[in-house]
Every structure is written in structure tokens, then in C-alpha cells.
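Just so it is clear, none of the values below were taken in a lab; they were calculated from the coordinates. All values derive from a computational prediction rather than experimental measurement. Heads up, the Cβs are rebuilt from the backbone with ideal geometry, glycines too, and the neighbour counts pull from every protein chain shown.
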Protein chains: 2
Amino acid sequence: MADDSAVLDALRDAILRGEFVAGQRLVEIDLCERFCSSRFAVRAAIPVLASEGLVDVQRHRGARVRAISIEEAIEITEVRQLLEGLTAARAAERATPADIADLREIITQLRHAAGSGELVRYSEADARLHALVRRIAAHETAASIIERLRAQMARQAFMLSLVPGRQAMSLAQDEAIVDAIEARDAPAAERAMRRHVASVIESLRSDSQADLAAAVP
Amino acid sequence: MADDSAVLDALRDAILRGEFVAGQRLVEIDLCERFCSSRFAVRAAIPVLASEGLVDVQRHRGARVRAISIEEAIEITEVRQLLEGLTAARAAERATPADIADLREIITQLRHAAGSGELVRYSEADARLHALVRRIAAHETAASIIERLRAQMARQAFMLSLVPGRQAMSLAQDEAIVDAIEARDAPAAERAMRRHVASVIESLRSDSQADLAAAVP
DNA sequence: TCAGCGCATATTGGCGACAATATATTCAGC
DNA sequence: GCTGAATATATTGTCGCCAATATGCGCTGA
């Protein structure tokens, strides 16, 4: 393999999947071996990941996977609250009947996952719902920022999905969002989405030591 | 000179100052001569600028300065409206008396510039006001996104500052923002900031061919 | 005269080697 | 035994070369 963008994606995925502990040094030679690529490819990938906020680079000291604090996670989620609210409002204005059927389909999947307690499957379906709302909204600028912010919080989001009782509340909130979009009620969709993301902020605020518990999975 | 970050900043500035026409090819060799640097430095700078949304890179076809459409400018400003509203609200909660004195100082500068019709000086002071609000808000995530979005619209923002009559309206809006921050009224500060940015969106919507007129300066 | 094809050239992509620098280790002195 | 500096090593920064590829031009044929 000698494709630079392949290394970029592989390294990004590895960081997002939590295969590197926060703060760990990313030594170029090691990454070359890991991804069977040349040093040139990883050197092209690292600045891009730095601009995405996934790694921190210091001159002559290399790159480290960026550790984000609870305060920073709250900041990120505050911004997401506004932007995902915007996409929900636009989705309510633009959704076609086919779009609404797709949203309902995901709600069904969420219900099944919540009912059988499949946490990972639930959080994947929730991510699909948000992604679909973004696609319906067709707001490229907001979507790309949201995706970048979600990536930065990937591990923390996974952690929150393990907090018991969140699924039930989250499911009701997701249903409220889809209801508002179906009713073509943009302000209601925006409010529902903001409430949904706000509950993430509250979770972050309440148990600030949850990130320590997240070391288990 | 052989400093890579210097080339990055110089190239970014050159693009922001409008020294390249939109869509122009950025040939690596030309940039080397222009900035008296090695090809290595420009090759390191280009991916970073691409991730900042200032240039577009295509495989084996090089980089071009990214042309943003009116629709995209509106999208960017819609996001800025939300995020700058957030910073205004936080600034209202956190501003010290010294901060408020600094804000008042900039308002004075804005009045002078508007009174003597110094358009460039006015828009510079306006940018300083927004930057100060961001600093007071101390919301790193929102601030970095806003700065990136403002950079993408740098030329368009300059263009709007030339529309006659905008200064008077803009000045009143800026004063309303500072008044609300001084009164520690976060919701009012957020509303005032949103109105301020909303007027930019309206300007973009109303004369969509203003970017053609901007070829003059 | 125009269309299609092949070639030449300009430009970017990729790589190995070398230089510069930060960090760790070790040794000497107190 | 501890502290400080000097050296050694590991890692990143920089460069020039060659290969791969897109684009533009000229040529040939209908």
C-alpha cells in the first residue's frame, strides 16, 4: 500500500476507535509499520488530522492524540446544540415524504435496540438519525462542522451511551424531533433537537468523572 | 527563508487579501519563487489551507483558491449568526468592568470611522469588536470555528463594508450588543448579535451580484 | 476544414538520504 | 548520594531527484 489518503483514513479511524490512548505519541516510523506505508504518507496525514483537532503537533516533538477535557467536551456540545438545531429546523422545511419514511424507519430501529438493550446498536442508529437529518437539511457548512465536532468526541459519545436510563430519554427526544419534522414545524424541530443535545451536556456536567469509568470498555 | 509555518501564514494572508483571483491555480513552483521558499514548505502549507476551506485540491491537478458562492456565503453566515450569538451571551455573563471599557473604546472608534466615512477603518474596528467579544466569552471551540468561517468570507466581508448606508445600521447594532453585555443581559446580547449578523445575510440575499461589483477595489 | 488521436511537456506525487533538534542517559564533581 | 552538564540516541525537519499523470498541442485522416 502506498496511498496517502488511505493512510489518512486508516489513522483517523484508529484514533476514533480509541486504538491510541489520549496523549500517546504518534511516532512516524511506528505508523509506517502499522499501516504498511511510507513515512511520506503519514507525514501528509498528520497535519490534516491536526487541523481536524484530533491530534496535537509540536515542532520537533511530533504528534500526540489530543486529549479533550470535560470542559472542552461541553463547549463542543454547546456548539453542536446550536448547529444540529439549525439542521433540524431546515430538515422540517425540506423533508420529502420519502425522507420522513426513512426517519420513521430509523425510529423503529431505535425502539428495537432500546427494547433489547443493545447499547452499541442504539448509538449507531442514533448517529444515523442525526446524519439523515443533516442530509435532509442540505446545509453543507453546518454538516461538515458537526461531523468534525462529533469525531472529536467519538470516544466520549460512546461512553455516554453506556449510562443506564439514557436510552429511554434519548428515544423519546428522537421521536419528538421526527414528529416535528413530519409536522413541518421548524421551530419545534429546532427546540426538540436542542433539548436532545442539551441532555448530553447535562450528562457531561453531572458525572464529570465518567471519562475515568470509560477506561473499562 | 525556509520556515514552513511562515510560508503557511504568508500564503493564507495572500489569499485573504485577495491577491489571487478565485479559481486561480496555485502552482507550487510559482509559490516557491513568490515566498522565497522551498517547494517542501509550500507542499506542507497547501493541505492545511485545504482543510481550512481556503483552497481546493484535486489529485494530480494541484490546488486552486476556492470560490465560494453566494449560497455558501449565506450558509457560512447562518452558522456565524448562531455561534457569534453564543459568544455574545457568554460575554454578557463574564465581562469584567475592564472588558466593558475596552468594548466602549472600540465603539468610540467605530463612531469616528463612521462619521468620517473611513470604510476600511470601520470594518477593521468592527472585526476588533467581534474578536474582543470572542475573547471575553472564552469559548475556544466557538471562537476557532468563527475565525475559520470569517477567513473564508474575508473578501466578501470587505465587499459588504462598501455598501453605502450599512455603517449607520451596523453601528447601532454594535452599540446594542455592547449595551446588552454591559447590562449583563445574556439573552439580549445574543438577540442583538443575531440581528447584527442577520443583516449581513440580508445584504447577501438582496444584492447577489454584489460580488461582481467587488472586482473594482 | 474539422474531428479524433497520439505525443510532448508541465506539474504534482512519492521516496530515500541527510541535517537539525529534543530527550534520555550517563558520568563527573560536589 | 545528588545535581549538573555533556554526550548519545531517537525522532522529526528539509531537500533533491525521479516517476506518474493531466493537459495542451500538433498531426493525420476523413
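In this assembly of identical copies, the label point of residue B:195 (Cα plus 7 Å along Cα-to-Cβ) is separated from its counterparts by 2.9 nm, sorted shortest first. The Rg/Rh ratio for segment B:1-106, using Cα coordinates for both the radius of gyration and the Kirkwood hydrodynamic radius, is 1.13.
If you wrap the Cα atoms of segment B:70-213 in a convex hull and average its projected area over all directions, you get 7.5 nm². Using the Cα centre of segment A:70-213 as origin and beta-carbon charges of +1 (Lys, Arg) and -1 (Asp, Glu), tell me which of A:187, A:98, A:82 is placed farthest towards the positive end of the dipole. My answer, from the dipole projection, is A:98.
Projecting 7 Å from Cα along the Cα-to-Cβ direction, the label point of residue A:43 sits 0.8 nm from its equivalents in the other copies, listed shortest first. Label-to-label distance, residue B:104 versus residue A:105, with points set 7 angstrom from Cα along the beta-carbon direction: 6.1 nm.
Across the identical copies, the 7 Å label point of residue B:58, projected outward along Cα→Cβ, sits 4.1 nm from its counterparts, in ascending order.
In percent, rounded to a whole number, the relative contact order of chain A is 25, using alpha-carbon pairs under 8 Å and six or more apart. Shielding value for A:51-62 is 1, the average number of Cβ atoms from other chains within 10 Å of each residue's Cβ.
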